[in-house]
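Chemist: The structure is given below, and queries will be raised subsequently.
All of the numbers you see were taken from the coordinates with simple rules; none came from a lab. Source: prediction; values computed, not measured. FYI the Cβ positions are ideal-geometry reconstructions off the backbone, even for glycines, and counts take in every protein chain you see.
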């Protein structure tokens, strides 16, 4: 359970990360604010309380791994990595610029702290399954976390990976499903409904819990790294709000992949002041 001081720290860190995300995308003139803002609390919880990492040594063999399967949320990951000390915060303002280490989607060859290249949706979970299986075969103690979007769960490859993880009993794998209900083409229930999520994941042999994806206490309790991995993979269905924290972006599909202009950016940053 989080203590009051920890909760306040995480809440402030999430506010700072959201400001970074908006400023990055605004300066770049392109990006994906909606899905980046919906997963801020998930990433802050993982990197500041749960995952075993060494920012000064990103390649530390015993580190826990995160696979950002919904690669378009890269601005949120970059902001958290910078705040955690993987690279200077000032580098965030180079997002999507020529020569920058911060590409529009994560690139493991360029960015410290990025484990795999992602962007084509549906593929990240397969990579996470491979990491978890390799870790177990090597007798390693690291845990693999994978953040997937609800829209990408329309991809068949997701369910092949879900089936494989259960088959190989990968208790060292935890998936976080960012369930904000929207994708680039509209509400997921209207595009190609992949619900109900809990029943489906359980049917495939996974342990499943549902949480408020913006509640640090619930996230911490559900994501805490197990001291003794079970033989069952786990999924945390995190109910979130697309564009969380900015009133004119919340639950608005048009902010899936659109950068705010100067005036809208000013309004958003004002909303996220102390």
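Chemist: Could you tell me the distance between the Cα centroids of the range 210-257 and the range 1-72, to the nearest Å?
Modeler: After rounding, the separation between the Cα centres reads 12 Å.
Chemist: Right, next: Rounded, prolate or oblate: which one fits the range 1-123, using the alpha carbon gyration tensor with axes a ≥ b ≥ c (rounded when a/c is under 1.5, else prolate when a/b beats b/c, else oblate)? List each step's numbers first, then the result.
Modeler: Details: a/c = 1.56, a/b = 1.21, b/c = 1.29.
Taking the square roots of the gyration eigenvalues as a ≥ b ≥ c, the range 1-123 is oblate.
Chemist: While we're looking at this one, here's another question. From largest to smallest, what semi-axes in whole angstrom does the range 114-161 give when each is the square root of 5 times an eigenvalue of its alpha carbon gyration tensor? Walk me through the numbers before you get to the answer.
Modeler: Details: eigenvalues 93, 24, 14 Å².
So the three semi-axes of the range 114-161 are 22, 11, 8 Å.
Chemist: Step by step: find N for the range 67-130, compute 2.2 N^0.38 Å, then divide the Cα radius of gyration by it. What's the final number?
Modeler: Details: Rg = 11.3 Å, N = 64, 2.2 N^0.38 = 10.7 Å.
Ratio of Cα Rg to 2.2 N^0.38 Å: 1.06.
Chemist: Based on the mean of other Cβ atoms within 10 Å per residue, sort peptides 10-22, 98-110, 201-213 so the most packed one is first.
Modeler: Details: 10-22: 21.0, 98-110: 14.9, 201-213: 17.3.
Descending mean neighbour count gives 10-22, 201-213, 98-110.
Chemist: Evaluated at 25 °C with a viscosity of 0.890 mPa s, what Stokes-Einstein diffusion coefficient in µm²/s does the range 4-271 have when Rh comes from the Kirkwood expression over alpha-carbon pairs? Please report the intermediate quantities before stating the final value.
Modeler: Values: Rh = 18.3 Å.
For the chosen part, D equals 134 µm²/s.
Chemist: I need to check one value: relative contact order of the range 4-271, counting alpha carbon pairs closer than 8 Å and at least 6 residues apart, in percent.
Modeler: Details: 534 pairs, mean separation 65.0, N = 268.
Worked out over the range 4-271, it gives 24 percent.
Chemist: Follow-up question, since we're still on this one. Using a Debye calculation, one point per C-alpha and no hydration shell, please list log10 I(q)/I(0) for the range 114-193 at q = 0.11, 0.12, 0.15, 0.27 Å⁻¹ in order.
Modeler: Cα-only, vacuum Debye calculation for the range 114-193: -0.31, -0.36, -0.54, -1.32.
Chemist: So if I restrict to the alpha-carbon atoms in the range 124-255, what is the Rg, and what is Dmax, the biggest pairwise distance, in Å?
Modeler: When restricted to Cα atoms, the range 124-255 yields Rg and Dmax of 15.2, 48 Å.
Chemist: Helix 156-167 sits at what angle to the longest principal axis of the chain, using alpha carbons and giving 0 to 90 degrees rounded to 10?
Modeler: 40 degrees
Chemist: Percent antiparallel among DSSP beta bridges with both residues in the chain, to the nearest 5? Before the final figure, lay out each step's value.
Modeler: Numbers: 2 of 24 bridges.
Antiparallel bridges make up about 10 percent of those DSSP assigns within the chain.
Chemist: Can you tell me the FRET efficiency between residue 227 and residue 267 if r is taken as the Cβ-Cβ distance and R0 is 41 Å, rounded to the nearest 0.05? List each step's numbers first, then the result.
Modeler: Values: r = 45 Å, r/R0 = 1.11.
So, using R0 = 41 Å, E works out to roughly 0.35.
Chemist: Restricting to DSSP H runs of at least four residues, report the calculated mean residue ellipticity at 222 nm for the chain, -39500 (n - 2.57) per run over all residues, nearest 500 deg cm²/dmol. Don't skip to the end; give the middle numbers.
Modeler: On the way: 10 runs with 104 residues, N = 274.
Calculated at 222 nm, the ellipticity per residue is -11500 deg cm²/dmol.
Chemist: Between residue 140 and residue 7, how high is the FRET efficiency from 1/(1 + (r/R0)^6) when r is the Cβ-Cβ distance and R₀ = 30 Å? Nearest 0.05.
Modeler: 0.40
Chemist: Could you work out the Rg to Rh ratio of the range 37-106, with Rh taken as the Kirkwood radius (inverse of the mean 1/r over all Cα pairs)? The partial results should precede the final answer.
Modeler: Numbers: Rg = 12.0 Å, Rh = 12.7 Å.
With Rg and the Kirkwood Rh in hand, the quotient comes to 0.94.
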